Amino acid sequence: MQRILIDTDPGVDDAYAILLAMRSPELCVEAITTVCGNVPVEQATQNLFTILGSLDLDEFPIIAQGEAAPLVKPLVTAAHVHGDDGLGNTSHLRDTDGNQRYFHANTTLSSLSGVDLILEAASQYPDELIVVALGPLTNLAKAIRKDAAKMRRLQKIVVMGGVFEDYGNVTTTAEFNIFIDPHAAQEVFQFGVPVHIFPLDATHQVVLTGERLRAEIEGRDDKVSRFLWDATQACMEFYRQHVGFWGFHIHDALPIAALTSPDYFESVDAYIQVETEGDLTNGMTVADLRPERQRHNPNAQVCVKVAAAFLDSFFKRLR
Ligand code: RIB
Ligand code: CA
């Protein structure tokens with residue numbers, strides 16, 4: 001059993017990741033913290049309740065709302081990709097009888113801040129807790145600043161973010177989660193807790209077409225399938241218009257899947273730094289991935305390859 005805390009900015013692909021984690025018996029999702037990113041943090045928290053509401057759960061992870069703004073830069077959201085509410089506008093969907101289609105989970109928000117819940121969980125499960133960061137790393141950086149000793153007891157930090165030998169998805173050189181808060185990412189990568197990062201170089205290898213998604217989940221009568229199909233439409237339309245195919249990348253599902261099915265993923269050691277000052281390269285993750293060129297002690301493992309069979313296994317688990 002792996003105890004994890006998910007830090008997230010839901011976000012459609014965050015929804016896939018969270019639902020996958022909640023349906024993976026190998027994982028115990030102890031807590032979920034929200035952070036500003038795809039949408040403002042208040043909306044991210046509302047979305048988290050909607051995502052969990054699509055599951056028939058008797059008990060829930062502890063949920064806390066995290067930081068509303070990056071450490072230094074102003075927040076820039078990705079609502080244009082994920083829909084105005086960040087979840088394909090599912091929060092406004094009504095059935096033919098006029099009733100709301102999706103509801104919040106029957107649970108409440110912790111009185112702790114996101115940062116304090118991360119610190120609480122790190123000290124409750126010393127050397128065991130794995131943090132899976134699916135949004136900007138603002139909460140983690142603030143937790144390190146507040147109590148580095150507690151954060152040193154994390155087993156590892158798994159991150160969806162960055163890009164090395166591929167193109168970025170915000171600028172040519174930067175991926176969204178790192179671009180939004182490069183200062184936080186640099187502090188987390190230099191902190192010393194082992195990092196396992198899943199950059200766009202890996203997540204772009206998994207191309208989920210609308211046709212495949214339709215074949216897998218449209219028409220299924222379970223709530224999760226209906227929710228994911230509804231939530232993904234806006235994203236896939238964005239991809240059709242701006243990325244060149246009808247479908248999308250389930251970026252955030254990969255770090256979760258790597259915890260339960262590591263054999264589908266290949267990683268290399270590297271020393272990662274983040275550009276925090278550049279104009280053209282702000283938010284760029286900088287590392288030489290060539291094994292023979294490692295000069296510094298590595299501070300991270302970088303996922304560089306995803307097996308083609310991953311998607312089949314993903315859908316088997318998600319059902
Ligand atoms: O670049 C993709 C990442 O940014 C994903 O985590 C997505 O949800 C957004 O947060
Ligand atoms: Ca995300």
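Summary table below
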{"quantity": "Test: residue in region 164-187 that is over 30 Å from D147 (Cα atoms), in contact with a Gly (Cβ under 6 Å, 6 or more places away or on another chain) and among the small types (G, A, S)", "calculated": "no"}
{"quantity": "Leading residue by the ranking (surrounded by the fewest Cβ atoms within 10 Å (Cβ to Cβ)) among those in region 72-104 that are within 20 Å of the chain's Cα centre (by Cα) and of a type in the set (A, V, I, L, M, F, W, C)", "calculated": "V76"}
{"quantity": "Inter-residue pairs, beta-carbon under 6 Å, first among the acidic types (D, E) and in region 88-106, second in a loop (DSSP other than H, G, I, E, B), 6+ apart", "calculated": "D95/R101"}
{"quantity": "Single residue of region 114-142 satisfying the filter (polar (S, T, N, Q) and within 16 Å of ligand 2 (Cβ to nearest atom)) that is farthest from E26 (Cα to Cα)", "calculated": "T138"}
{"quantity": "Residues that are farther than 21 Å from T173 by Cα and open to solvent by 60 Å² or more (accessible area, probe 1.4 Å), drawn from region 252-286", "calculated": "P262, D263, Y264, E266"}
{"quantity": "In region 19-41, the residues that are out of contact with any His (no Cβ under 9 Å at 6 or more places or on another chain), touching a residue at least 24 places away in the same chain (Cβ under 8 Å) and either within 11 Å of ligand 1 (Cβ to nearest atom) or of a type outside the set (A, V, I, L, M, F, W, C) (or both)", "calculated": "R23, S24, E26, E30, T33, T34, V35, C36, G37, P40"}
{"quantity": "Complete set of residues in region 143-199 that are in a loop (DSSP other than H, G, I, E, B), open to solvent by 40 Å² or more (accessible area, probe 1.4 Å) and either within 16 Å of ligand 2 (Cβ to nearest atom) or out of contact with any Lys or Arg (no Cβ under 9 Å at 6 or more places or on another chain) (or both)", "calculated": "D147, R152, R153, E165, D166, Y167, N169, V170, T171, T172"}
{"quantity": "Qualifying residue in region 264-286 (condition: in a helix (DSSP H, G or I), without any contact (Cβ under 8 Å) to a residue 24 or more places away in the chain and either under 17 Å from D312 (Cα atoms) or under 19 Å from the mean Cα position of the chain (by Cα) (or both))", "calculated": "no"}
{"quantity": "Matching option when the condition is within 14 Å of the chain's Cα centre (by Cα), of a type outside the set (K, R) and more than 30 Å from D312 (Cα to Cα), among I180, I197", "calculated": "I180"}
{"quantity": "Within region 208-256, considering residues that are farther than 21 Å from L93 by Cβ and free of Cβ contacts under 8 Å to residues at least 12 places away in the same chain, the one farthest from ligand 2 (Cβ to nearest atom)", "calculated": "A215"}
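One line per residue, one yes/no per condition, for (1) within 21 Å of V115 (Cβ to Cβ); (2) surrounded by 24 or more Cβ atoms within 10 Å (Cβ to Cβ):
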position	(1), (2)
V12	no, yes
Y16	no, yes
L20	no, no
R23	no, no
C28	no, no
I32	yes, yes
A44	yes, yes
L48	yes, yes
D58	no, no
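The values are calculated or read from the model by the stated rules, or taken from the named source; none is laboratory data. This structure is a prediction, so every number in the text was calculated from the model and none was measured. As a convention, Cβ positions derive from the backbone with ideal geometry for all residues, glycine included, and neighbour counts pool all protein chains shown. These area figures cover heavy atoms from the full protein model, side chains too; ligands, DNA and RNA do not enter into them. Shrake-Rupley method; radii C 1.70, N 1.55, O 1.52, S 1.80 Å.
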